[in-house]
2 protein chains.
Amino acid sequence: MARIGEAALLELAARALRGRRVSPEHAEAAARILVTGDLLGVHTHGVERVSSYADRVASGGINAGARINVERVAPALARVDGNNGIGPAVGMRALREAMAIARDQGVGVALARNSNHFGAVAPYSLIGAEAGFASVIGSNASTTIAPTGGREARVGNSPIAFCVPHPGARPFLLDMALSVVARAKIRAAARHGSAIPDTWATDRDGKATTDPKAALDGFLLPIGAHKGYGLALAVDLFAGLLSDAAYLTHARSWQEQPDEPSGLGHFFILIDAKRLGGEAWLAGRMTDFARILHDTPPADPSQPVRVPGEIELGNLELQRREGIEIEDAVLERLRALAR
Amino acid sequence: MARIGEAALLELAARALRGRRVSPEHAEAAARILVTGDLLGVHTHGVERVSSYADRVASGGINAGARINVERVAPALARVDGNNGIGPAVGMRALREAMAIARDQGVGVALARNSNHFGAVAPYSLIGAEAGFASVIGSNASTTIAPTGGREARVGNSPIAFCVPHPGARPFLLDMALSVVARAKIRAAARHGSAIPDTWATDRDGKATTDPKAALDGFLLPIGAHKGYGLALAVDLFAGLLSDAAYLTHARSWQEQPDEPSGLGHFFILIDAKRLGGEAWLAGRMTDFARILHDTPPADPSQPVRVPGEIELGNLELQRREGIEIEDAVLERLRALAR
């Protein structure tokens, strides 16, 4: 593992994208979102993605010279057309619009279309929280999940995040996809030859399985069976259908069709918490909220109860101080791209 | 089972509450929400609740003469103080405010506090959808779930609903609480002496259990373990904390402390879908969305893939035509109250 400072990693990532003719502003947005992913310890959504973004720009899958268009369709509601630009640039433009609206109107909603993979959701949530906004933010994704009772992938494992600011302390931050586990966990079980719980995945015929190899040929299961299936659809409806983006099987996979626009959509719902009470009011309530949870008697005394986001925000604080830990190979590839 | 027409059941429920000095307007709101619960087939949140609402009014737990106050804190954001009124009256007032705001601003958010059990969420979602609004609506609830890794109930099994209108057809309607199953399912397993999956509940020490009796002494598990725990907290933050209502252990149980205000909160996020495109645009996309899901090859050919809300909306259409099926005992109690 290598360790690198935040500013240096930001510049490397941005330079790698500028070298592919991505505009400085869009490259900087993408670097900011991906480096924040690394800071949070979510390396699957960190600068490791720069090479696939750069490849897709090179092959024309992503539009390096995208002109993002914002249309205010109502005082509190905007639509953002990403013009097939790099995902985090579209996401950041939509986030900024939703924040500006929420500052004026108390609530701001931006729905983005013609976008691509936009990184993790948490970085957007954090930028919102730092400016005093509570948020619900989500994106759709190409299909990897079968509908409950089905045996064909027709739903994306769409991420959604909820965030509430905590003035002077760590916000509440829940950023999650809707499968029980990521595919990587099933791959690990297959490597170790161990069985998996029958709630993780189905085989290719849509039947629950404990065999990791059959699961890798099949489909991830959503949390709570039909409940998680419903949630994944809800995220797709707000991020994809209402935004006029692609949805369900219309969204293209960046892995299988990298040379084509993904057509993804995102939604940003921002609420200005300052309109609801002063900073002391909010800080007092958020502190009490976390205290009630932390004070819960634990089932295992060595494992205290946590509040969502604590681990990731702890990573962020540590890595801002001591540098970001990155796999050598990822850093090498990034340096090569930036040259 | 008895069968009764919608209008007759509405009048019975409203009369029962008016007889406890609940204002005609509030009694009608409560009747409308609870009867819609029955129409949808969600009888646990139907007129069966009238007797507990009436008891709580009689004992002073709910304020029969509540004056609900609405404060517009920003152009698109309202706070609603329920004055400890009957829950559905507070909920309906907040819903109407959020719809009125969304009609003007494109988006409307109402946060309600000093409320009580407000019925199922789906009836509010449906009223919004009939008027052309997509919505995210939720309520907090008194604590029945232990935080992940904890062994004390500190989180409510809070319901949340997502709804998107489908002009001329059934809306998408997902209304769910965040436990894997309702306690009633565990009670049924205990009666039959059968084991339960270890993902449903923990024993009183917070350890996952397959013994339904140990589970009934313990805690319901949320969907997706820490993910559902996080979702339950997110709903409580928007419905309870940001609204200035009670949250987590501060919310009182209507069963254990019926004579005291519950202090619950609700949130209503409404988006005017008409600002995003015409009815034909939305209907075309929603029809295509449902078709993609329905056309999924099923794992079991006798069980076609469904879209959330289909069963409940089918119940509603059937029972509007043929009358509402109600347990004799529930109807008898309601008639006695209405006398």
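Roughly how far apart, in whole Å, are the Cα centres of the stretch B:1-39 and the stretch A:3-76? Going from one Cα centre to the other spans 56 Å.
Across every pair of different alpha-carbon atoms, what Kirkwood hydrodynamic radius in Å does the stretch A:140-180 reach? Show your work: numbers first, answer last.
Working: mean 1/r = 0.0831 Å⁻¹.
About 12.0 Å for the stretch A:140-180.
Among A:298-306, B:242-250, sorting by the average number of other beta carbon atoms lying within 10 angstrom of each residue, highest first, gives B:242-250, A:298-306.
Summary value for the stretch A:129-270: 28 percent relative contact order, contacts being C-alpha pairs under 8 angstrom separated by 6+ residues. Between A:ALA8 and A:SER302, the modelled labels are 3.6 nm apart [label points 7 Å from Cα along Cα→Cβ].
With Kirkwood's inverse mean 1/r over C-alpha pairs for Rh, give me the Rg to Rh ratio of the stretch A:259-339, two decimals please. Intermediate results must be reported in sequence, preceding the final value.
Details: Rg = 20.3 Å, Rh = 17.8 Å.
Rounded to two decimals, Rg over Rh is 1.14.
Considering only A:SER59, A:SER115, A:SER139, the Gaussian network model of chain A with Cα springs below 10 Å gives its largest mean-square fluctuation to A:SER59.
Looking only at chain B, where both bridge partners belong to it, what percent of the DSSP beta bridges are antiparallel (to the nearest 5)?
Numbers: 37 of 43 bridges.
Around 85 percent of the beta bridges assigned by DSSP in chain B are antiparallel ones.
Applying both filters, DSSP loop and at most 16 other Cβ atoms within 10 Å, to the GluC sites (Glu not before Pro) of the stretch A:298-339 gives A:GLU327.
Less than 5 angstrom separates the built amide H of A:HIS166 from those of A:PHE172, all sequence-distant by 5 or more or on a different chain. Computed 3J(HN,Hα) for the stretch A:69-78, one whole-Hz value per residue from the Karplus formula 6.51 cos²θ - 1.76 cosθ + 1.60 where θ = phi - 60°, is 10, 10, 10, 8, 7, 7, x, 10, 9, 10, glycine and proline marked x.
Any idea what the relative contact order of chain A is, in percent, if you count C-alpha pairs under 8 Å spaced at least 6 apart?
Details: 761 pairs, mean separation 77.3, N = 339.
Rounded, it is 23 percent for chain A.
Applied to the stretch B:155-171, the Karplus parametrisation 6.51 cos²θ - 1.76 cosθ + 1.60 on θ = phi - 60° returns per-residue 3J(HN,Hα) values of 9, x, 8, 6, x, 9, 9, 10, 9, 10, x, 9, x, x, 8, 6, x Hz, with x for Gly and Pro.
Peptide A:306-316 shows a mean partner chain C-beta count of 2 within 10 Å per residue C-beta. Ranked from shortest, the separations from the 7 Å Cα-to-Cβ label point of B:ARG204 to its equivalents in the other copies are 5.1 nm. Max-minus-min Cα coordinates of the stretch A:234-297 on each principal axis give 49, 34, 20 Å, with the largest extent listed first.
Quick check on chain A: helices-only [θ] at 222 nm, where DSSP H runs of length 4 and up contribute -39,500 (n - 2.57) each and the sum goes over total residues. Nearest 500, please. One gets -12000 deg cm²/dmol as the mean residue ellipticity at 222 nm. The ellipsoid that matches the Cα gyration tensor of the stretch B:208-263 has semi-axes, each √(5λ) in whole angstrom, of 25, 19, 5, with the longest given first.
For the segment A:275-282, counting C-beta atoms of other chains within 10 Å of every residue's C-beta and taking the mean gives 3. Using θ = phi - 60° in the Karplus curve 6.51 cos²θ - 1.76 cosθ + 1.60, the 3J(HN,Hα) couplings for the stretch A:251-256 round to 6, 9, 7, 5, 8, 8 Hz; x is entered for Gly and Pro. Over chain B, the pair-distance histogram of Cα-Cα distances with 20 Å bins from zero comes to 29, 60, 10 percent, rounded to whole numbers. A straight line joining the Cα centroids of the stretch B:171-242 and the stretch A:245-310 runs 21 Å.
Each label was represented as a point 7 Å from its Cα along the Cα-to-Cβ direction; for A:GLU332 and A:THR210 these points are 4.1 nm apart. Here's how it looks for A:ASN83: its modeled amide H is under 5 Å from those of A:ASN69, which are all 5 or more places away or on a different chain. Each label was represented as a point 7 Å from its Cα along the Cα-to-Cβ direction; for B:ALA280 and B:GLU310 these points are 2.8 nm apart. Comparing mean-square fluctuations of B:GLY87, B:GLY309, B:GLY263 from a GNM of chain B with C-alpha springs under 10 Å, the top value falls on B:GLY309.
Placing a label point 7 Å from Cα along the Cα-to-Cβ axis, A:ARG72 is separated from the same position in the other copies by 1.7 nm, shortest listed first. Compactness of the protein assembly as shown, taken as the C-alpha radius of gyration over 2.2 N^0.38 Å, stands at 0.94.
Any idea what the relative contact order of the stretch B:1-101 is, in percent, if you count C-alpha pairs under 8 Å spaced at least 6 apart?
Details: 121 pairs, mean separation 23.3, N = 101.
Value for the stretch B:1-101: 23 percent.
For the stretch B:35-159, what percent of Cα pairs sit more than 19 Å apart? Every Cα pair in the stretch B:35-159 considered, those over 19 Å come to 55 percent.
Scattering from the stretch B:194-339 was approximated by placing one identical point on each alpha carbon and applying the Debye formula without solvent; log10 I(q)/I(0) at 0.18 1/Å stands at -1.24.
Restricting attention to the stretch B:55-145, which trypsin sites (Lys or Arg not before Pro) occupy a DSSP loop and are surrounded by at most 11 other Cβ atoms within 10 Å?
Numbers: sites: B:ARG56, B:ARG67, B:ARG72, B:ARG79, B:ARG93, B:ARG96, B:ARG103, B:ARG113; in loops: B:ARG67.
Loop-located and lightly packed - B:ARG67.
Straight-line cross-link partners of B:LYS207 among the aspartates and glutamates, defined as a Cα under 13 Å from its Cα and at least 8 positions apart when in the same chain: A:ASP300, B:GLU152, B:ASP198, B:ASP217.
Comparing B:LEU282, B:LEU40, B:LEU241 in a Gaussian network model of chain B where C-alpha atoms under 10 Å apart are linked, the largest mean-square fluctuation is found at B:LEU282. Residue by residue along A:175-183, Cβ atoms of other protein chains within 10 Å of the local Cβ number 2 on average. Summarising the overall dimensions of the stretch B:1-106 from its C-alpha atoms, the Rg and Dmax are 14.9, 49 angstrom. With its label point put 7 Å out from Cα toward Cβ, B:ASP259 sits 7.7 nm from the same residue's point in the other copies, in order from shortest.
Read-outs throughout are calculated quantities, based only on the coordinates presented, and are distinct from any laboratory measurement. Source: prediction; values computed, not measured. Glycine also receives a Cβ, built like all others from the backbone with ideal geometry; neighbour counts cover every protein chain displayed.
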